[in-house]
């Protein structure tokens, strides 16, 4: 039985599925929901919403016949980019995004930075007050370096004002004489001596290529919650960037 509609809408329940044109239902015609929810189906096959999870959780399948849910990433072990800072004409660059509730280990990636003047070394300091101050004593470190002429150098300190990423050969300051490094910081939130490992490559003022591996310790039984990078003298230039990544805590 059909309906004759004059000047109005058809009666309720009179429009069957085959009367609806494909792609005719717009987002505005859908019922409102909760921000972050996803549309799924329940065990009866009816449309249902998947509840919004917490920040950092991932959508996890619970198998056939069960709706997915947001859960913590299983097992940990994933690197997360926490911050990026492009180098600029400043004396130091710091990261205060260390979060012990989410990350056990951190990696800093230094990409093609240069100092404003040559014959300087790139160094790192730590903070225990969120970056309000940075410790300028109590660092032990050693460094082994080689250059493209196959010569080797060793250097270190038993008590220094910072952790040096390279210790024998200074970085050059020409545009092409860049310094790059990858630094691992192990569990700085523990109230033990925080350790560092750095693998670096750079060119000196004569364009000689150096590669070095440095290790160091902050000799203080205190948690570290911020880190700072600075040259032994002068500013950074506007070349390159620094990135901070965190390794997700194991669940």
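Shape call for region 17-71 from the C-alpha gyration tensor, a ≥ b ≥ c root eigenvalues: rounded (a/c under 1.5), prolate (a/b greater than b/c) or oblate? Oblate is the answer for region 17-71, as a/c is 1.5 or above yet b/c matches or exceeds a/b. Here the simple spin-label model places points 7 Å from the Cα toward Cβ, and for residue 161 and residue 137 these points are separated by 1.2 nm.
Compute the FRET efficiency between residue 233 and residue 78 as 1/(1 + (r/R0)^6), taking r as their Cβ-Cβ distance and R0 = 30 Å, and round to the nearest 0.05.
That gives a FRET efficiency of 0.20.
Estimated from the Cβ-Cβ distance and a Förster radius of 41 angstrom, the FRET efficiency linking residue 46 and residue 101 is about 0.60.
For Cα extents along the principal axes in Å, computed directly from the structure shown, the correct entry in [x] 47, 35, 33; [y] 55, 37, 33; [z] 95, 40, 36 is [z].
Nearest 0.05, what FRET efficiency do residue 150 and residue 184 give at R0 = 25 Å with Cβ-Cβ as r? About 0.40, to the nearest 0.05.
Multiply the residue gap between residue 24 and residue 89 by 0.36 nm, knock off their C-alpha separation, and tell me the result in nm, one decimal place.
Working: separation 65, 0.36 × 65 = 23.40 nm, distance 5.60 nm.
This chain segment gains 17.8 nm when fully extended.
Here the Gaussian network model covers the chain, with springs between Cα atoms less than 10 Å apart; of 66, 83, 226, 66 fluctuates the most.
Rank these for me by crowding, 197, 185, 39, going from fewest to most other beta carbons within 10 Å. Kindly include the intermediate steps, with their values, before the conclusion.
On the way: 197 14, 185 23, 39 10.
With the fewest neighbours first, 197, 185, 39 line up as 39, 197, 185.
Read the figures in this text as sums done on the coordinates, not as results from a lab. Treat the numbers as computed from the prediction; the structure is a model and nothing was measured. Note that each Cβ is placed from the backbone with ideal geometry, even for glycine, and that neighbours are counted across all protein chains shown.
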